[in-house]
Amino acid sequence: MKILILGVNGFIGNALVRRILQNRDWEVFGMDLHSNKLGDSLHHPRFHFLEGDIAINKEWIEYHIKKCDVVLPLVAIATPMAYVKKPLLVFELDFEENLRIVRQCVKYGTRIIFPSSSEVYGMCPEEFFDEDTSTMVLGPIHKQRWIYSCSKQLLDRVIWAYGQEGKLQFTMIRPFNWIGPKLDDLDAAKEGSSRVVTQFILNLLQKEPIRLVDGGFQKRCFTYVEDGIDCLMTIIENPGQAADGQIFNIGNPQNEASVKDLAYLLRDLFRHHPDHVHDSHYSQIIEVTADDYYGQGYQDITSRKPSIEKASRLLGWEPKTDLRTSLQFTLDAFLAEAKEKNWES
Ligand code: UDP
């Protein structure tokens, strides 16, 4: 099998390519702006990498969409601070560039596995978000946070429509707060543009306060990346074509925690880490308003929990890694990276 992964150096891309090269005989073609997360994969004989921008290297992409069996277009801006500060960039990259890829998959009859997002459910009031029945609830236009959700939702609808017309073999995945090594760059966290777990780890390292937006009562279900990759591998293999024409939530409903719980748990794990057990002090945990943290274009999601009944029924998938272990693995990887780069000094 030949696979094209666009955004292969990203959080999901780098973990996926490593798993594929280790466990399968597939050939992988990948593109990304950077290669810093790819490690040994870069030198693997079955991995063919081009450093470049998907908005520029259009011919390379079209050629490989034609040549490959399956495409995973993982390029996207996926951090809430960017939705609020750079909404047009989010639309151009996440929607416009990806629409072109979707259309080329239609043109060449190539299967697509598209990363939708748990963000598409927005402020859905249901306890468990279901791929096929839940209502999607977004805020007003001036709350620019929703541009990402809306862009992803419209692409989901376009892909679905091509599928209904029999023009596209697709699967959509909706990751729910995946965490793990290389989640974001610590430098991005420094600018406030990273996901919450990376942000808190950076705060702990720099002895800055951990900031709970609006008290940190909002809840998420944190999912360990390797559990997510297990599911994605089954989707790529597509036994009995079980994944065709389906949307799958990929999350761990058992790992639900409030942002406040997350902050205390991470600080506790940090305190017990061998490199930090003797630190003279640790980050405070303080509260800030959403307006102060993100500006006025932000609106939060109180709770986001997946139903994973479909992934279990059709793919036989269940997540295995509990919250504490997931955070421990993530923290250990970040602290090792920080040590290597001399971040603490
Ligand atoms: N958050 C926070 N402090 C931070 C960063 C994020 O309280 O320093 C909150 C944020 O408001 C949101 C949750 O943590 O409610 C998860 O944020 P993340 O950026 O990981 O993305 P989301 O799950 O909202 O897509």
* Structure fact -> Asp322 passes all but one of the listed conditions (1) surrounded by 15 or more Cβ atoms within 10 Å (Cβ to Cβ); (2) away from the ligand (no atom under 13 Å from the Cβ); the exception is number (1)
* Asked: Are any of the residues in segment 48-57 surrounded by fewer than 16 Cβ atoms within 10 Å (Cβ to Cβ) and more than 22 Å from Tyr108 (Cβ to Cβ)?
  -> yes
* Search segment 179-200 for residues that are surrounded by fewer than 20 Cβ atoms within 10 Å (Cβ to Cβ) and modelled with pLDDT under 95 and pair each with any residue that is polar (S, T, N, Q) and assigned to a loop (DSSP other than H, G, I, E, B) when their beta-carbon atoms are under 7 Å apart and the residues are at least 6 apart or on different chains. => Ala188/Ser194; Ser193/Thr79
* Asked: Does Ile147 satisfy the condition of being of a type in the set (A, V, I, L, M), more than 10 Å from the ligand (Cβ to nearest atom), part of a loop (DSSP other than H, G, I, E, B) and closer than 19 Å to Pro87 by Cα?
  -> no
* To do: Report those helices (runs of 4 or more DSSP H) wholly inside segment 237-318 carrying at least 2 residues which are closer than 29 Å to Ala82 by Cβ.
  => 259-271, 290-294
* Considering only segment 185-214, how many residues are of a type outside the set (Phe, Trp, Tyr), within 21 Å of Leu323 (Cα to Cα) and in a helix (DSSP H, G or I)? -> 9
* Before we move on, is Thr223 surrounded by 21 or more Cβ atoms within 10 Å (Cβ to Cβ) and of a type in the set (Ser, Thr, Tyr)? -> yes
* To do: Kindly list, by first and then second residue, each pair from a residue in segment 305-322 that is farther than 14 Å from Asn238 by Cα to a residue that is of a type in the set (Gly, Ala, Ser) and not in a helix (DSSP H, G or I), limited to pairs with Cβ atoms under 7 Å and residues at least 6 apart or on different chains.
  => Pro306/Gly251; Ile308/Gly251
* Test: residue in segment 296-312 that is more than 13 Å from the ligand (Cβ to nearest atom), surrounded by 13 or more Cβ atoms within 10 Å (Cβ to Cβ) and within 25 Å of Leu331 (Cα to Cα) -> no
* Among the candidates Val90, Val75, Val71, Val137, single out the residue that is surrounded by 21 or more Cβ atoms within 10 Å (Cβ to Cβ), within 16 Å of the ligand (Cβ to nearest atom) and among the aliphatic types (A, V, I, L, M). => Val90
* Asked: What single numbered condition from (1) under 25 Å from Ser303 (Cβ atoms); (2) crowded, with 22+ Cβ neighbours inside 10 Å fails to hold for Leu168?
  -> (1)
* To do: Check every one of the helices (runs of 4 or more DSSP H) wholly within segment 1-109 and list those with 2 or more residues that are small (Gly, Ala, Ser).
  => 11-23
* To do: Just give me the residues in segment 106-138 being of a type outside the set (A, V, I, L, M) and within 19 Å of the chain's Cα centre (by Cα), in sequence order.
  => Phe114, Pro115, Ser116, Ser117, Ser118, Glu119, Tyr121, Gly122, Phe129, Asp130, Glu131
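The values are calculated or read from the model by the stated rules, or taken from the named source; none is laboratory data. All figures in this text were calculated on a predicted structure; none of them were measured in a lab. Please note: Cβ atoms are built from the backbone with ideal geometry, for glycine as well, and neighbour counts cover all protein chains shown.
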